[in-house]
């Protein structure tokens, strides 16, 4: 069965097609920010036209990752949204959780909530934490609210009532009443989106889902219609932030779970490419046109976090954004991509980012109206990226335009062209190296011990410099590095994560209560995965719990042992795993303190697919494409450097640095301290001398 995957990025939309003969073909087009579906349809149409004879459209499976959800939140382009919460709690989005990301900032600020105070309504109702109805739901008031929503032009509404994570009856009734009186308004309830404790986090997640849902519904419908016109009728599958694929109906209903879909696909691919290169733990480095993402992958699997934060008021300052209670691959992101703009700051020093030229107007070299110097322009001036092979030669760029942009900034800084371009390149590398070191340190890992898997359009260009700063001595660049996230979609399993907060002390374990919780989670997961075409007998279930000592404010994740163990043995193993993980994280054990489970989690999944290598030319003498003058700071000069075709390199043939190894979708930079070879799987392996 043929598969076609697309990953919509800030600058390019990447594609991978696995045809019915088992051959893999890669493609790339410029993204269309005003309507992301246009670039998707363009790329899909071009691939299908090119490989028409080897693709059966009736059985073709489309897989997608998108920035629609992320961008609608960051750029505040979502639908006009209202919030309904328990009467008296209408200020929850502004009071937040009373935490402060900067204790001593007397003028501390947060992003303006996605819902205005005027469009936040209180529902006359109240259920206690024990499930006692203190105040019955006033249904007529909710009907009146529905009529008000119609009059004010609200497109979507989030409903988040007190304690609804455990007692959702009032929320569900509010949803039904609003659907009756305001049928054109999308209604999102927190017990569907995030049935977990912590009122502000749950409400924030529900609001983000409601805010983005109309756009995602429109995006999914538009693509489904366009594909249907082209003879593709199978339901699409979409990547979630936790690295699993879900059917279109779930993606459209719960778009907040797709907010990091592209980076998640990249992490899935990095884990697989690391494995086939013989490495168990790697550092994933994904750099595109707008941002760079770093992800530690221990023991072959990305770490999954149970919360995420977006739209920071202070970029990358934890606590200054919108918290989202969703399962997501744990990674860090910095505003450094090929489109990041370089400029002179008020102190007369060089700054790079966080402003980005994106796809429109793009770097100056793109010739689409951009005039400010970017990282891509600097890389072109230094010779790291060739203008004749940019996106395989299908996209024309101008070195003269890049030089003009860099020269203007160099004059402002009073330095030469080369020093300015190198300063931009090196400053970005330094920022990413520091971020990677912090990420690894937070997880208790020495980054020097980890090989780096580098991908994305700009990742292989900067990986060598970052690796040297971190003391990493091995870099793995997979084939198709410029479209690796699209390849990750090909590899990823159909999978869904579901959860339920039901606090329970371990010393008060009640099997009669636990079994229905786990059975319900399994049923939810099974329905979603089966809807994507996975046979029931092939579905795997993995259970984890969020645990803490009674009275603590935060939890740690513990994987449950086999559920069929005798109860005493089961509980002893859960306790052992909790203490082992607690000591690993905090270096101590708290004695004489009871343990409790707060949230139960379950991941239902199908099986992963194997990574494929793109169709390439026959290896041979064509591997050496020529030479180019390239600047290397460690040599202090520009030198004539050999340019190789990655796909034409013979297995295990050594390449001495300095060298540039070009793929159709990216270029790999190797300095004079490195040596490289292609392994049997097609990965380019760079070893760096200490």
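The values are calculated or read from the model by the stated rules, or taken from the named source; none is laboratory data. Remember, predicted model here, so these are calculated numbers, not experimental data. Positions of Cβ are generated from backbone atoms using ideal geometry, with glycine treated the same way; all protein chains shown enter the neighbour counts.
Considering (1) assigned to a loop (DSSP other than H, G, I, E, B); (2) touching a residue at least 60 places away in the same chain (Cβ under 8 Å); (3) closer than 30 Å to residue 130 by Cα, say which one residue 159 fails and leave the rest.
Of everything listed in (1) assigned to a loop (DSSP other than H, G, I, E, B); (2) touching a residue at least 60 places away in the same chain (Cβ under 8 Å); (3) closer than 30 Å to residue 130 by Cα, residue 159 misses just condition (1).
Looking at the structure I just gave you, is residue 199 within 22 Å of residue 73 (Cα to Cα) and either touching a residue at least 12 places away in the same chain (Cβ under 8 Å) or in contact with a strand residue (DSSP E or B) (Cβ under 6 Å, 6 or more places away or on another chain) (or both)?
Here the answer is yes, as residue 199 does meet what is asked.
With the requirement that a residue be in contact with a strand residue (DSSP E or B) (Cβ under 9 Å, 6 or more places away or on another chain) and either part of a loop (DSSP other than H, G, I, E, B) or under 16 Å from residue 205 (Cβ atoms) (or both), what does segment 83-99 give you?
If the condition is that a residue be in contact with a strand residue (DSSP E or B) (Cβ under 9 Å, 6 or more places away or on another chain) and either part of a loop (DSSP other than H, G, I, E, B) or under 16 Å from residue 205 (Cβ atoms) (or both), then 83, 84, 85, 87, 88, 89, 90, 91, 92, 93, 96, 97 are the ones that fit.
Kindly evaluate residue 576 against the criterion of being surrounded by fewer than 13 Cβ atoms within 10 Å (Cβ to Cβ), assigned to a helix (DSSP H, G or I) and either at pLDDT 95 or above or out of contact with any helix residue (DSSP H, G or I) (no Cβ under 6 Å at 6 or more places or on another chain) (or both).
yes
Looking only at strands (runs of 3 or more DSSP E) that fall completely inside segment 273-369, which ones have 2 or more residues that are over 19 Å from the mean Cα position of the chain (by Cα) and over 25 Å from residue 598 (Cβ atoms)?
Strands (runs of 3 or more DSSP E) meeting the threshold: 340-344, 350-356.
Quick one: which residue in 393, 358, 367 is touching a helix residue (DSSP H, G or I) at 6+ places or on another chain (Cβ under 9 Å), farther than 30 Å from residue 495 by Cα and at pLDDT below 90?
One residue alone meets the criteria, 367.
Could you list all residues from segment 641-657 that are part of a loop (DSSP other than H, G, I, E, B) and either in contact with a helix residue (DSSP H, G or I) (Cβ under 6 Å, 6 or more places away or on another chain) or at pLDDT 95 or above (or both)?
Once the filter is applied, which keeps residues that are part of a loop (DSSP other than H, G, I, E, B) and either in contact with a helix residue (DSSP H, G or I) (Cβ under 6 Å, 6 or more places away or on another chain) or at pLDDT 95 or above (or both), segment 641-657 yields only 649.
For segment 175-198, give me each residue that is in contact with a helix residue (DSSP H, G or I) (Cβ under 7 Å, 6 or more places away or on another chain) and either under 30 Å from residue 553 (Cβ atoms) or not in a helix (DSSP H, G or I) (or both).
Passing the criteria: 182, 185, 186, 187, 188, 189, 190, 191, 193, 194, 196.
Please go through segment 162-174 and pick out each residue that is crowded, with 21+ Cβ neighbours inside 10 Å and in a helix (DSSP H, G or I).
170, 171, 174
Checking the conditions here, which among 75, 58, 49 is within 18 Å of residue 219 (Cβ to Cβ) and either loosely packed, with under 14 Cβ neighbours inside 10 Å or within 22 Å of the chain's Cα centre (by Cα) (or both)?
So the residue among 75, 58, 49 that is within 18 Å of residue 219 (Cβ to Cβ) and either loosely packed, with under 14 Cβ neighbours inside 10 Å or within 22 Å of the chain's Cα centre (by Cα) (or both) is 75.
Name the residues in segment 444-481 that are surrounded by fewer than 22 Cβ atoms within 10 Å (Cβ to Cβ), in contact with a strand residue (DSSP E or B) (Cβ under 8 Å, 6 or more places away or on another chain) and not in a helix (DSSP H, G or I), would you?
Selection gives 445, 473, 474.
Do you know which of the residues in segment 233-258 that are under 15 Å from residue 61 (Cα atoms) and modelled with pLDDT of 95 or more is surrounded by the fewest Cβ atoms within 10 Å (Cβ to Cβ)?
In this case the residue turns out to be 247.
Regarding residue 489, is this residue touching a helix residue (DSSP H, G or I) at 6+ places or on another chain (Cβ under 8 Å), assigned to a helix (DSSP H, G or I) and within 30 Å of residue 60 (Cβ to Cβ)?
Judged against the criteria, residue 489 is a match.
For residue 259, work out the one condition from (1) in contact with a strand residue (DSSP E or B) (Cβ under 7 Å, 6 or more places away or on another chain); (2) over 30 Å from residue 96 (Cα atoms) it doesn't fulfil.
Answer for residue 259: the failing condition is (2).
Can you tell me how many residues in segment 384-443 are touching a residue at least 60 places away in the same chain (Cβ under 8 Å) and either within 23 Å of residue 636 (Cβ to Cβ) or crowded, with 17+ Cβ neighbours inside 10 Å (or both)?
Result for segment 384-443: 22.
If residue 483 meets every condition in (1) more than 29 Å from residue 542 (Cα to Cα); (2) in contact with a helix residue (DSSP H, G or I) (Cβ under 9 Å, 6 or more places away or on another chain); (3) modelled with pLDDT under 95 apart from one, which number is that one?
(2)
Taking segment 102-144 on its own, how many of its residues are assigned to a helix (DSSP H, G or I) and closer than 18 Å to residue 169 by Cβ?
5
Considering segment 541-571 alone, what residues qualify as being part of a loop (DSSP other than H, G, I, E, B), surrounded by fewer than 14 Cβ atoms within 10 Å (Cβ to Cβ) and over 32 Å from the mean Cα position of the chain (by Cα)?
Scanning segment 541-571 gives 550, 551, 564, 566.
From 523, 530, grab the single residue that is in contact with a helix residue (DSSP H, G or I) (Cβ under 8 Å, 6 or more places away or on another chain) and either assigned to a helix (DSSP H, G or I) or within 24 Å of residue 61 (Cα to Cα) (or both).
530 is the lone residue from the list that is in contact with a helix residue (DSSP H, G or I) (Cβ under 8 Å, 6 or more places away or on another chain) and either assigned to a helix (DSSP H, G or I) or within 24 Å of residue 61 (Cα to Cα) (or both).
Could you pull out the residue among 305, 265, 292, 252 that is free of Cβ contacts under 8 Å to residues at least 40 places away in the same chain and touching a strand residue (DSSP E or B) at 6+ places or on another chain (Cβ under 6 Å)?
None of the other options fit; the residue is 305.
From the list 302, 298, 346, which one is surrounded by 19 or more Cβ atoms within 10 Å (Cβ to Cβ) and not assigned by TED's automatic domain parsing to the domain that holds residue 108?
302
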